[in-house]
Amino acid sequence: MFISIKKNILLKNYNQENIGGLFFYSGVFFLASAVGVSILLLIISQFISFLKPSQFLKDKWNYPLFISAILMGASSFIHFLRYEKYIDLNLDPKLSLLGLINWIPFFLCFWGFQKYLNSPEKRLFTSKLLICGSIPVIFSGVLQLLNINGPFELFNGFVIWFQKPLSDIGSLAGLFNNQNYAGLWMVLVWPFCLAELTRPRKNLNIKLIMFFISVLFIAFITLTDSRNAFLGLIISSPIVLGLSSLVWYIPLVIVGFSLLALSVLPIFPNEIQVFMKTIIPSRIYTLFPEIGFSNLGNYPRINKWFAALNYINQKPIFGWGAAAFPILYLAKSGEWFGHAHNLPIELAVSYGFLPSLIIFSFYLLILYFSFKKISLLSEKGGDNYEIFLNQKAWFASSLIFLFSHLVDIQYFDVRISTICWILLAGLRSTMKENIKGQFLT
(Lines give C-alpha, C1' and ligand atoms only; values in the text may rest on other atoms or scores of the structure.)
Protein backbone atom coordinates (compact mmCIF):
# COMPACT_ATOMS: atom_id res chain seq x y z
CA MET A 1 0.00 0.00 0.00
CA PHE A 2 2.74 2.45 1.01
CA ILE A 3 4.78 1.59 -2.12
CA SER A 4 1.73 2.15 -4.31
CA ILE A 5 1.05 5.60 -2.79
CA LYS A 6 4.70 6.60 -3.09
CA LYS A 7 4.74 5.45 -6.72
CA ASN A 8 1.67 7.58 -7.49
CA ILE A 9 3.29 10.65 -5.89
CA LEU A 10 6.46 10.15 -7.91
CA LEU A 11 4.47 9.76 -11.12
CA LYS A 12 2.48 12.90 -10.31
CA ASN A 13 5.68 14.90 -9.74
CA TYR A 14 7.20 13.44 -12.87
CA ASN A 15 4.15 14.41 -14.92
CA GLN A 16 4.09 17.94 -13.60
CA GLU A 17 7.79 18.72 -13.55
CA ASN A 18 9.35 16.60 -16.27
CA ILE A 19 6.87 15.88 -19.03
CA GLY A 20 6.27 19.57 -19.70
CA GLY A 21 10.02 20.10 -19.72
CA LEU A 22 10.47 17.27 -22.21
CA PHE A 23 8.05 18.96 -24.61
CA PHE A 24 9.60 22.38 -24.03
CA TYR A 25 13.20 21.33 -24.57
CA SER A 26 12.27 19.26 -27.61
CA GLY A 27 10.44 22.29 -28.98
CA VAL A 28 13.51 24.47 -28.45
CA PHE A 29 15.68 21.96 -30.30
CA PHE A 30 13.37 21.79 -33.33
CA LEU A 31 12.52 25.50 -33.43
CA ALA A 32 14.90 26.41 -36.26
CA SER A 33 14.69 23.25 -38.35
CA ALA A 34 11.11 21.96 -37.92
CA VAL A 35 9.03 24.91 -36.82
CA GLY A 36 5.66 23.11 -37.11
CA VAL A 37 6.81 20.32 -34.82
CA SER A 38 8.41 22.83 -32.46
CA ILE A 39 5.33 25.01 -32.07
CA LEU A 40 3.16 21.96 -31.39
CA LEU A 41 5.59 20.77 -28.69
CA LEU A 42 5.84 24.23 -27.13
CA ILE A 43 2.05 24.61 -27.05
CA ILE A 44 1.78 21.30 -25.19
CA SER A 45 4.48 22.42 -22.76
CA GLN A 46 2.56 25.63 -22.10
CA PHE A 47 -0.67 23.75 -21.52
CA ILE A 48 1.12 21.60 -18.95
CA SER A 49 2.65 24.65 -17.26
CA PHE A 50 -0.86 26.09 -16.76
CA LEU A 51 -2.26 22.90 -15.19
CA LYS A 52 -1.39 24.13 -11.72
CA PRO A 53 -3.40 27.03 -10.25
CA SER A 54 -2.27 30.09 -12.20
CA GLN A 55 0.16 32.45 -10.52
CA PHE A 56 0.16 34.74 -13.55
CA LEU A 57 -1.17 37.86 -11.83
CA LYS A 58 0.96 37.35 -8.73
CA ASP A 59 4.04 38.33 -10.71
CA LYS A 60 4.07 42.11 -11.18
CA TRP A 61 6.18 41.71 -14.33
CA ASN A 62 3.14 40.23 -16.05
CA TYR A 63 1.08 43.37 -15.44
CA PRO A 64 2.52 45.36 -18.38
CA LEU A 65 1.77 42.47 -20.72
CA PHE A 66 -1.74 42.07 -19.32
CA ILE A 67 -2.43 45.79 -19.78
CA SER A 68 -0.96 45.73 -23.29
CA ALA A 69 -3.17 42.80 -24.24
CA ILE A 70 -6.27 44.73 -23.09
CA LEU A 71 -5.22 47.86 -25.01
CA MET A 72 -4.43 45.91 -28.18
CA GLY A 73 -7.70 44.04 -27.93
CA ALA A 74 -9.54 47.35 -27.52
CA SER A 75 -7.76 48.71 -30.59
CA SER A 76 -8.87 45.69 -32.62
CA PHE A 77 -12.44 46.22 -31.42
CA ILE A 78 -12.34 49.89 -32.47
CA HIS A 79 -11.04 48.90 -35.90
CA PHE A 80 -14.05 46.60 -36.32
CA LEU A 81 -16.45 49.33 -35.21
CA ARG A 82 -15.06 51.55 -37.96
CA TYR A 83 -15.17 48.73 -40.49
CA GLU A 84 -16.56 50.73 -43.42
CA LYS A 85 -14.07 53.55 -42.97
CA TYR A 86 -11.19 51.10 -42.89
CA ILE A 87 -12.40 49.32 -46.01
CA ASP A 88 -12.51 52.67 -47.80
CA LEU A 89 -8.80 53.06 -46.95
CA ASN A 90 -8.08 49.53 -48.29
CA LEU A 91 -7.34 48.39 -44.72
CA ASP A 92 -8.68 45.09 -43.46
CA PRO A 93 -9.73 45.32 -39.78
CA LYS A 94 -9.74 41.52 -39.54
CA LEU A 95 -5.96 41.67 -39.74
CA SER A 96 -5.92 43.51 -36.42
CA LEU A 97 -7.48 40.48 -34.78
CA LEU A 98 -5.14 38.09 -36.56
CA GLY A 99 -2.20 40.29 -35.65
CA LEU A 100 -2.86 39.72 -31.95
CA ILE A 101 -1.62 36.14 -32.48
CA ASN A 102 1.88 37.59 -32.81
CA TRP A 103 1.65 39.06 -29.31
CA ILE A 104 -0.93 37.86 -26.80
CA PRO A 105 -0.07 34.12 -26.88
CA PHE A 106 3.56 35.06 -26.29
CA PHE A 107 2.58 37.16 -23.28
CA LEU A 108 1.33 33.91 -21.76
CA CYS A 109 4.41 32.04 -22.96
CA PHE A 110 6.62 34.56 -21.19
CA TRP A 111 5.16 33.31 -17.92
CA GLY A 112 4.84 29.66 -18.94
CA PHE A 113 8.38 29.35 -20.31
CA GLN A 114 9.79 30.40 -16.94
CA LYS A 115 8.77 27.07 -15.45
CA TYR A 116 11.36 25.43 -17.70
CA LEU A 117 14.03 28.10 -17.27
CA ASN A 118 13.88 28.66 -13.51
CA SER A 119 17.41 27.53 -12.71
CA PRO A 120 20.87 28.25 -14.16
CA GLU A 121 21.17 24.58 -15.11
CA LYS A 122 17.92 24.66 -17.10
CA ARG A 123 18.98 27.80 -18.94
CA LEU A 124 22.38 26.31 -19.66
CA PHE A 125 20.71 23.20 -21.07
CA THR A 126 18.32 25.30 -23.16
CA SER A 127 21.17 27.33 -24.64
CA LYS A 128 22.97 24.12 -25.63
CA LEU A 129 19.80 22.94 -27.34
CA LEU A 130 19.66 26.21 -29.29
CA ILE A 131 23.22 25.63 -30.48
CA CYS A 132 22.51 22.03 -31.48
CA GLY A 133 19.23 23.06 -33.09
CA SER A 134 21.08 25.58 -35.25
CA ILE A 135 23.39 22.98 -36.77
CA PRO A 136 20.67 21.88 -39.25
CA VAL A 137 20.46 25.53 -40.36
CA ILE A 138 24.20 25.51 -41.08
CA PHE A 139 23.80 22.19 -42.89
CA SER A 140 21.00 23.66 -45.02
CA GLY A 141 23.32 26.55 -45.86
CA VAL A 142 25.98 24.10 -47.03
CA LEU A 143 23.36 22.43 -49.24
CA GLN A 144 22.41 25.85 -50.59
CA LEU A 145 26.03 26.54 -51.48
CA LEU A 146 26.09 23.19 -53.30
CA ASN A 147 22.84 24.13 -55.11
CA ILE A 148 20.96 21.27 -53.41
CA ASN A 149 17.71 22.99 -52.48
CA GLY A 150 15.10 20.28 -51.99
CA PRO A 151 12.30 20.19 -51.08
CA PHE A 152 12.86 17.43 -48.55
CA GLU A 153 9.75 16.26 -46.71
CA LEU A 154 9.09 14.41 -43.46
CA PHE A 155 5.84 13.24 -41.84
CA ASN A 156 3.80 13.53 -45.03
CA GLY A 157 4.80 17.14 -45.61
CA PHE A 158 4.44 18.33 -42.01
CA VAL A 159 8.17 19.16 -42.07
CA ILE A 160 9.51 20.56 -45.35
CA TRP A 161 13.08 21.63 -45.96
CA PHE A 162 13.47 23.94 -48.91
CA GLN A 163 15.76 26.84 -49.56
CA LYS A 164 15.73 29.20 -52.48
CA PRO A 165 18.64 28.79 -54.91
CA LEU A 166 21.59 30.96 -53.98
CA SER A 167 21.47 32.54 -57.42
CA ASP A 168 17.96 33.88 -56.68
CA ILE A 169 18.68 35.63 -53.40
CA GLY A 170 22.43 36.25 -53.67
CA SER A 171 23.25 35.48 -50.03
CA LEU A 172 23.11 32.51 -47.70
CA ALA A 173 19.72 32.01 -46.05
CA GLY A 174 19.33 28.26 -45.53
CA LEU A 175 16.03 27.11 -44.11
CA PHE A 176 14.89 30.68 -43.42
CA ASN A 177 14.82 31.65 -47.14
CA ASN A 178 15.68 35.20 -46.11
CA GLN A 179 19.23 36.21 -45.31
CA ASN A 180 18.24 38.78 -42.68
CA TYR A 181 16.10 36.28 -40.78
CA ALA A 182 18.78 33.60 -40.99
CA GLY A 183 21.48 36.06 -39.95
CA LEU A 184 19.49 37.24 -36.94
CA TRP A 185 18.78 33.69 -35.78
CA MET A 186 22.44 32.74 -35.97
CA VAL A 187 23.65 35.90 -34.24
CA LEU A 188 21.10 35.40 -31.44
CA VAL A 189 22.48 31.92 -30.81
CA TRP A 190 26.09 33.04 -31.28
CA PRO A 191 26.58 34.37 -27.70
CA PHE A 192 25.70 30.93 -26.33
CA CYS A 193 28.13 29.36 -28.76
CA LEU A 194 30.88 31.79 -27.73
CA ALA A 195 30.17 31.12 -24.04
CA GLU A 196 30.61 27.39 -24.64
CA LEU A 197 33.76 28.00 -26.65
CA THR A 198 35.46 30.14 -23.99
CA ARG A 199 34.51 28.18 -20.88
CA PRO A 200 37.40 26.24 -19.31
CA ARG A 201 37.44 22.62 -20.45
CA LYS A 202 39.73 19.69 -19.86
CA ASN A 203 38.42 17.64 -22.77
CA LEU A 204 40.38 18.60 -25.89
CA ASN A 205 37.94 16.87 -28.24
CA ILE A 206 35.02 18.98 -27.00
CA LYS A 207 37.13 22.14 -27.35
CA LEU A 208 37.89 21.27 -30.96
CA ILE A 209 34.24 20.52 -31.70
CA MET A 210 33.12 23.84 -30.22
CA PHE A 211 35.84 25.66 -32.16
CA PHE A 212 34.66 24.04 -35.39
CA ILE A 213 31.01 24.91 -34.65
CA SER A 214 31.99 28.51 -33.82
CA VAL A 215 33.85 28.86 -37.12
CA LEU A 216 30.76 27.58 -38.94
CA PHE A 217 28.58 30.12 -37.11
CA ILE A 218 30.86 33.00 -38.08
CA ALA A 219 31.07 31.80 -41.68
CA PHE A 220 27.29 31.45 -41.94
CA ILE A 221 26.67 34.90 -40.43
CA THR A 222 29.20 36.47 -42.80
CA LEU A 223 27.73 34.76 -45.87
CA THR A 224 24.23 36.03 -45.09
CA ASP A 225 25.48 39.53 -45.97
CA SER A 226 23.19 40.86 -43.25
CA ARG A 227 24.43 44.13 -41.77
CA ASN A 228 22.32 43.60 -38.66
CA ALA A 229 23.84 40.17 -38.11
CA PHE A 230 27.33 41.46 -38.80
CA LEU A 231 26.98 44.29 -36.29
CA GLY A 232 25.26 41.98 -33.81
CA LEU A 233 28.25 39.67 -33.96
CA ILE A 234 30.58 42.57 -33.20
CA ILE A 235 28.46 43.96 -30.35
CA SER A 236 27.56 40.71 -28.60
CA SER A 237 31.01 39.12 -28.51
CA PRO A 238 32.69 41.46 -25.98
CA ILE A 239 29.66 41.18 -23.69
CA VAL A 240 30.33 37.46 -23.36
CA LEU A 241 34.12 37.76 -23.37
CA GLY A 242 34.08 40.36 -20.59
CA LEU A 243 35.71 43.71 -19.86
CA SER A 244 39.24 42.30 -20.11
CA SER A 245 38.66 41.61 -23.82
CA LEU A 246 38.08 45.30 -24.54
CA VAL A 247 41.81 45.97 -24.34
CA TRP A 248 42.33 44.25 -27.68
CA TYR A 249 38.75 44.11 -29.00
CA ILE A 250 38.03 47.86 -29.20
CA PRO A 251 41.28 48.73 -31.07
CA LEU A 252 40.58 45.87 -33.46
CA VAL A 253 37.05 47.11 -34.16
CA ILE A 254 38.21 50.72 -34.53
CA VAL A 255 40.86 49.71 -37.06
CA GLY A 256 38.35 47.59 -38.95
CA PHE A 257 35.72 50.31 -39.16
CA SER A 258 38.33 52.93 -40.02
CA LEU A 259 39.43 50.89 -43.00
CA LEU A 260 35.79 50.41 -43.97
CA ALA A 261 35.12 54.15 -43.64
CA LEU A 262 38.00 54.89 -46.02
CA SER A 263 36.27 52.80 -48.66
CA VAL A 264 32.70 54.11 -48.34
CA LEU A 265 32.69 57.65 -46.91
CA PRO A 266 32.61 60.27 -49.69
CA ILE A 267 34.69 62.71 -47.61
CA PHE A 268 37.81 60.76 -48.59
CA PRO A 269 39.44 61.15 -52.02
CA ASN A 270 38.29 58.71 -54.69
CA GLU A 271 41.82 57.34 -55.09
CA ILE A 272 41.86 56.23 -51.44
CA GLN A 273 38.43 54.61 -51.75
CA VAL A 274 39.47 52.69 -54.87
CA PHE A 275 42.68 51.51 -53.17
CA MET A 276 40.86 50.41 -50.00
CA LYS A 277 38.35 48.45 -52.05
CA THR A 278 41.21 46.41 -53.43
CA ILE A 279 42.13 45.43 -49.86
CA ILE A 280 38.73 44.95 -48.19
CA PRO A 281 36.67 42.01 -49.48
CA SER A 282 33.80 43.28 -51.62
CA ARG A 283 31.34 41.18 -49.61
CA ILE A 284 32.04 43.50 -46.66
CA TYR A 285 32.25 46.99 -48.13
CA THR A 286 29.23 46.49 -50.39
CA LEU A 287 27.15 46.00 -47.24
CA PHE A 288 27.84 49.66 -46.41
CA PRO A 289 27.24 51.79 -49.51
CA GLU A 290 28.57 55.31 -49.72
CA ILE A 291 27.04 57.49 -47.04
CA GLY A 292 26.09 61.10 -47.51
CA PHE A 293 24.85 63.50 -44.87
CA SER A 294 23.09 66.25 -46.82
CA ASN A 295 19.73 64.54 -47.35
CA LEU A 296 19.28 62.03 -44.55
CA GLY A 297 15.50 62.26 -44.89
CA ASN A 298 15.74 60.78 -48.38
CA TYR A 299 17.30 57.57 -47.16
CA PRO A 300 14.68 54.82 -47.60
CA ARG A 301 14.75 53.56 -44.01
CA ILE A 302 14.71 57.00 -42.41
CA ASN A 303 11.99 58.07 -44.79
CA LYS A 304 9.87 55.13 -43.63
CA TRP A 305 10.39 56.09 -39.99
CA PHE A 306 9.27 59.67 -40.63
CA ALA A 307 6.22 58.45 -42.54
CA ALA A 308 5.34 55.97 -39.77
CA LEU A 309 5.70 58.63 -37.08
CA ASN A 310 3.29 60.79 -39.05
CA TYR A 311 0.76 57.94 -39.14
CA ILE A 312 1.14 57.50 -35.37
CA ASN A 313 0.54 61.20 -34.87
CA GLN A 314 -2.72 60.93 -36.82
CA LYS A 315 -4.04 57.95 -34.79
CA PRO A 316 -1.99 57.79 -31.58
CA ILE A 317 -4.52 55.99 -29.36
CA PHE A 318 -5.85 53.03 -31.35
CA GLY A 319 -3.57 52.97 -34.39
CA TRP A 320 -4.48 52.02 -37.94
CA GLY A 321 -4.62 48.25 -37.58
CA ALA A 322 -2.18 45.39 -38.11
CA ALA A 323 -0.34 45.38 -41.46
CA ALA A 324 -1.55 48.94 -42.12
CA PHE A 325 1.87 50.50 -42.73
CA PRO A 326 2.56 49.05 -46.21
CA ILE A 327 -0.89 50.09 -47.45
CA LEU A 328 -0.62 53.60 -46.02
CA TYR A 329 2.91 54.02 -47.35
CA LEU A 330 1.91 52.75 -50.80
CA ALA A 331 -0.95 55.27 -50.94
CA LYS A 332 1.43 58.09 -50.01
CA SER A 333 4.56 57.28 -51.99
CA GLY A 334 3.53 54.74 -54.59
CA GLU A 335 6.14 52.30 -53.21
CA TRP A 336 5.49 49.05 -51.39
CA PHE A 337 7.36 48.27 -48.20
CA GLY A 338 6.22 45.48 -45.94
CA HIS A 339 6.93 47.21 -42.61
CA ALA A 340 8.35 50.32 -40.97
CA HIS A 341 11.78 48.79 -40.24
CA ASN A 342 11.37 49.52 -36.54
CA LEU A 343 9.30 47.21 -34.35
CA PRO A 344 8.24 49.76 -31.67
CA ILE A 345 7.11 52.14 -34.42
CA GLU A 346 5.39 49.33 -36.34
CA LEU A 347 3.47 48.26 -33.24
CA ALA A 348 2.42 51.85 -32.55
CA VAL A 349 1.15 52.26 -36.12
CA SER A 350 -0.85 49.04 -35.75
CA TYR A 351 -2.31 49.27 -32.23
CA GLY A 352 -1.47 52.69 -30.87
CA PHE A 353 1.28 54.43 -28.95
CA LEU A 354 0.53 53.08 -25.46
CA PRO A 355 0.92 49.31 -26.10
CA SER A 356 4.18 49.96 -27.91
CA LEU A 357 5.50 52.17 -25.11
CA ILE A 358 4.52 49.64 -22.42
CA ILE A 359 5.92 46.56 -24.16
CA PHE A 360 9.27 48.09 -25.06
CA SER A 361 9.67 49.81 -21.70
CA PHE A 362 9.02 46.37 -20.22
CA TYR A 363 11.75 44.94 -22.48
CA LEU A 364 14.25 47.62 -21.47
CA LEU A 365 13.54 47.13 -17.77
CA ILE A 366 14.01 43.38 -18.11
CA LEU A 367 17.40 44.05 -19.68
CA TYR A 368 18.35 46.58 -17.02
CA PHE A 369 17.43 44.54 -13.94
CA SER A 370 18.74 41.27 -15.33
CA PHE A 371 22.03 42.98 -16.11
CA LYS A 372 22.24 44.22 -12.53
CA LYS A 373 21.58 40.70 -11.25
CA ILE A 374 24.07 39.06 -13.62
CA SER A 375 26.70 41.62 -12.57
CA LEU A 376 26.63 40.09 -9.10
CA LEU A 377 28.04 36.84 -10.42
CA SER A 378 31.67 36.10 -9.76
CA GLU A 379 34.10 35.70 -12.63
CA LYS A 380 35.70 32.68 -11.00
CA GLY A 381 36.60 29.40 -12.57
CA GLY A 382 34.83 26.06 -12.49
CA ASP A 383 31.08 25.60 -12.72
CA ASN A 384 30.41 29.13 -11.46
CA TYR A 385 32.27 30.60 -14.40
CA GLU A 386 30.33 28.43 -16.84
CA ILE A 387 27.07 29.75 -15.37
CA PHE A 388 28.38 33.31 -15.46
CA LEU A 389 29.31 33.06 -19.15
CA ASN A 390 25.94 31.57 -19.99
CA GLN A 391 24.05 34.28 -18.09
CA LYS A 392 25.94 36.95 -20.01
CA ALA A 393 25.07 35.17 -23.24
CA TRP A 394 21.33 35.37 -22.40
CA PHE A 395 21.70 39.10 -21.85
CA ALA A 396 23.80 39.65 -24.99
CA SER A 397 21.34 37.75 -27.17
CA SER A 398 18.37 39.69 -25.80
CA LEU A 399 20.17 43.00 -26.31
CA ILE A 400 21.01 42.15 -29.93
CA PHE A 401 17.39 41.23 -30.58
CA LEU A 402 16.35 44.70 -29.42
CA PHE A 403 19.04 46.51 -31.42
CA SER A 404 18.15 44.59 -34.57
CA HIS A 405 14.47 45.48 -34.29
CA LEU A 406 15.22 49.17 -34.02
CA VAL A 407 16.35 49.16 -37.68
CA ASP A 408 14.57 46.13 -39.13
CA ILE A 409 11.76 43.69 -38.31
CA GLN A 410 12.11 39.92 -38.31
CA TYR A 411 9.75 39.41 -35.36
CA PHE A 412 6.83 38.15 -37.43
CA ASP A 413 8.68 34.95 -38.31
CA VAL A 414 7.39 32.64 -35.58
CA ARG A 415 10.87 31.22 -34.98
CA ILE A 416 12.23 34.70 -34.25
CA SER A 417 9.31 35.77 -32.05
CA THR A 418 9.47 32.51 -30.11
CA ILE A 419 13.17 32.79 -29.37
CA CYS A 420 12.57 36.40 -28.30
CA TRP A 421 10.14 35.36 -25.57
CA ILE A 422 12.30 32.42 -24.54
CA LEU A 423 15.16 34.88 -24.02
CA LEU A 424 12.98 37.26 -22.00
CA ALA A 425 11.61 34.41 -19.90
CA GLY A 426 15.19 33.31 -19.19
CA LEU A 427 16.19 36.80 -18.08
CA ARG A 428 13.10 37.11 -15.90
CA SER A 429 13.96 33.77 -14.29
CA THR A 430 17.44 35.13 -13.57
CA MET A 431 15.92 38.15 -11.86
CA LYS A 432 13.95 35.92 -9.49
CA GLU A 433 16.98 34.06 -8.22
CA ASN A 434 19.17 34.85 -5.26
CA ILE A 435 22.19 35.11 -7.54
CA LYS A 436 24.61 36.28 -4.89
CA GLY A 437 23.73 33.55 -2.48
CA GLN A 438 23.81 30.84 -5.13
CA PHE A 439 26.98 31.54 -6.99
CA LEU A 440 29.37 33.77 -5.15
CA THR A 441 31.94 31.85 -3.22
Original post:
Just to be sure, is residue 235 out of contact with any Pro (no Cβ under 9 Å at 6 or more places or on another chain), under 23 Å from residue 410 (Cβ atoms) and not aromatic (Phe, Trp, Tyr)?
Top reply: yes
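Considering 206, 169, which residue is without any contact (Cβ under 8 Å) to a residue 40 or more places away in the chain and surrounded by fewer than 14 Cβ atoms within 10 Å (Cβ to Cβ)?
206
So which of 115, 94 is of a type in the set (Lys, Arg) and touching a Ser or Thr at 6+ places or on another chain (Cβ under 6 Å)?
Selected residue: 115, the only one of 115, 94 that is of a type in the set (Lys, Arg) and touching a Ser or Thr at 6+ places or on another chain (Cβ under 6 Å).
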**OP:** Taking the residues in segment 280-324 that are exposed (fewer than 10 other Cβ atoms within 10 Å of the Cβ) and small (Gly, Ala, Ser) as candidates, determine which candidate is modelled with the highest pLDDT.
**Re:** 297
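The values are calculated or read from the model by the stated rules, or taken from the named source; none is laboratory data. Predicted model, so just to flag it, every value in this text is computed and none were measured. Here the Cβ is made from the backbone with ideal geometry for all residues, glycine too, and neighbour counts use every protein chain on show.
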